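The values are calculated or read from the model by the stated rules, or taken from the named source; none is laboratory data. From a predicted model like this one, the values you see are computed outputs, not experimental measurements. Using ideal geometry, Cβ is built from the backbone for each residue, glycine included, and neighbour counts are taken over all protein chains shown. We work out accessible area using only protein heavy atoms, side chains counted, and drop any ligands, DNA or RNA first. Shrake-Rupley method; radii C 1.70, N 1.55, O 1.52, S 1.80 Å.
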Amino acid sequence: MNRRHSIIGNALSAAFVSGVAFITILGLFAEVDTSLALIAEGFLQIVTVVAAFGVLIGVLNLLIFVHLRRLLEGKRGALYSFALLLSAILIIGVYSADRSELWTGDLAGEQLSPRLYQVTQTTIESAIAGLVLFSLVYGAFRLMRRQVKWDYLLFLSAMVIALVGWLPLDGLEAFADLRDWLLRIPVTGGIRGLLIGVGLGSVVVGIRVLLAQERFYQRRP
Amino acid sequence: MSNEVAYFWLLLTLAFVVSTLGGVMLRRRKRPLVLRTIRGYQILPLLVDEAIESDRQLHVGLGGIELGKATTLVSLAALTLLYEVNRRQAFTSSTPLVTTTDGILLTGAQDMLRRAYATENNLSAYHADTVVWLPTGERSLAYGAAISAINYIDRLSNNIMVGSYGAELALIGDVATRRDAVFVGQSIDLVGQAVAFAHAETPILTEELFVSEAYTRPDDLRSQIQPLMLDVLRWALVIAIILIAIVER
């Protein structure tokens, strides 16, 4: 009985998903204002609304299930959770004040939340980005310590050329030229190769979704 | 019909034909294809086993990808990998920690986990709060910093990072190294993939994410169509590029 239910459920969900997907694809290529295009647009609008709710669910999940719980249970890192909850409440307050135009005096008419974002988020992200260079050098060192292989050597050489090429010293122009060539030819080729690979992989997954071969909406082990 | 639309339908038709013929061929063959070795997939079962034995959470990161946007199909591939990873430990009370940067993917990941536990008749072990949404800034460094902190605070076992990352992956790789944890990294972004290569002993390279099912279920003939399709499409594209280059000369 369960097996029969499972087969019927799979067939229904597969027919539904494949149908919606095909209509959306056809609608995206149809002339503007035709019924197919309008139906596809309707589907996409539903996705947009769901996405907005998704963000809300994400925020609530993070604040309540992760940080509030950690704070109440006094787990490790509770102090960080407290700081995060406090800043979340503050930001919500500032944003609400921005929207309601509550600021007076020198701040009248100002939008403080974007400025807060610039000051905190962007600054901290830039600072962390500075550490990435050291992390990459350390990663290359670890690669070579682990094992010396031709692909590791290639990685290390490319990194050394790129780093030395940036140095503004006399006599190192050859490295700068080599770095430019690396960026122009092999790196561009590599990027295109990766993008083509991702594109083809997406086509494979897309076809499997259209043919109801994917596992997302099927009950099978 | 414009050229782009014609090429799109051509590619779609080719993929459809390969999928259908490949399925028939694999069923007749009755034994799985011999796939090339991908060390990132070889090590996955060991990571899950270690998480169970050490009673520490395995971390699966699905950062930078979103359902309903340009990376929808990458997200679906990542969810498949998540299901396959979790299937191995779903008979125990262990749960992985899954992090995402997209609200819809959060619910998708929760559903994948629930399904894995339901398959093993072990739904009591499933907890929705093991899937966590983390905010992402312009360069996702906020996500990277958060994962680094979680690694220390929650004493995670190992990290499997798939999705779209940039340089911030270096932070996670660095923390994993300091903790002597294994780090499997993959990114559809070139910078992130380079960092994953430098830090991960066993990286999964960009498009290899799309064939995860074939590697995690080596005996399932249905899942082996993925690498077959990918290779046929890739060779078709290579031949097309060479032909166009010759014709245009």
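Residues that are among the hydroxyl-bearing types (Ser, Thr, Tyr) and open to solvent by 10 Å² or more (accessible area, probe 1.4 Å) were ranked within the range B:109-129; the one that is nearest to residue A:135 (Cα to Cα) is B:126.
Screening residue A:209 with (1) at the interface with another protein chain (Cβ under 8 Å from one of its Cβ atoms); (2) open to solvent by 30 Å² or more (accessible area, probe 1.4 Å); (3) not charged (D, E, K, R) gives one miss only, at (2).
Residue B:40 meets each of the listed conditions (1) in a loop (DSSP other than H, G, I, E, B); (2) touching a Pro at 6+ places or on another chain (Cβ under 7 Å); (3) of a type outside the set (S, T, N, Q) apart from (1).
One residue stands out among those in the range B:196-226 that are modelled with pLDDT of 85 or more and β-branched (Val, Ile, Thr): the one that is nearest to residue A:199 (Cα to Cα), which is B:211. May I ask you to verify whether residue A:135 is without any contact (Cβ under 8 Å) to a residue 12 or more places away in the chain, surrounded by fewer than 13 Cβ atoms within 10 Å (Cβ to Cβ) and within 9 Å of chain B (Cβ to nearest Cβ)? Taking the combined requirement at face value, the residue does not satisfy it. Identify the single condition in (1) under 25 Å from residue B:171 (Cα atoms); (2) of a type in the set (A, V, I, L, M); (3) at pLDDT below 90 that residue B:82 does not satisfy, given that it satisfies every other one. Every condition holds for residue B:82 apart from (3).
Residue-level analysis places residue A:142 among those that are at pLDDT 75 or above and within 7 Å of chain B (Cβ to nearest Cβ). Among the residues of the range B:91-108, some residue qualifies, meaning at least one is open to solvent by 30 Å² or more (accessible area, probe 1.4 Å), more than 11 Å from chain A (Cβ to nearest Cβ) and either in a helix (DSSP H, G or I) or over 18 Å from residue A:51 (Cβ atoms) (or both). Going by the structure shown, is residue B:27 part of a helix (DSSP H, G or I) and either farther than 17 Å from residue B:161 by Cα or more than 11 Å from chain A (Cβ to nearest Cβ) (or both)? Yes, satisfied. Could you give me the residue pairs with C-beta distances under 8 Å whose first residue belongs to the range A:151-177 and is assigned to a loop (DSSP other than H, G, I, E, B), whose second residue is surrounded by 15 or more Cβ atoms within 10 Å (Cβ to Cβ) wherever it lies, and which are 6+ apart or on separate chains? Pairs found: A:166/A:176; A:166/A:179; A:167/A:175; A:172/A:164; A:172/A:165. Kindly provide the set of residues from the range B:209-226 that are crowded, with 21+ Cβ neighbours inside 10 Å, at the interface with chain A (Cβ under 10 Å from one of its Cβ atoms) and either closer than 18 Å to residue A:135 by Cα or of a type outside the set (S, T, N, Q) (or both), ordered by number. Correct list: B:209, B:210, B:211, B:213, B:225.
Taking the conditions (1) exposed (fewer than 12 other Cβ atoms within 10 Å of the Cβ); (2) at pLDDT below 90; (3) under 29 Å from residue B:107 (Cα atoms) in turn, residue A:86 satisfies each one other than (2). The residues in the range A:138-175 that are open to solvent by less than 40 Å² (accessible area, probe 1.4 Å) and of a type in the set (D, E, K, R) can be counted, and the count is 1. Here B:56, B:27, B:39 are screened, and the one residue that is open to solvent by 50 Å² or more (accessible area, probe 1.4 Å), under 17 Å from residue B:224 (Cβ atoms) and out of contact with any His (no Cβ under 6 Å at 6 or more places or on another chain) is B:27.
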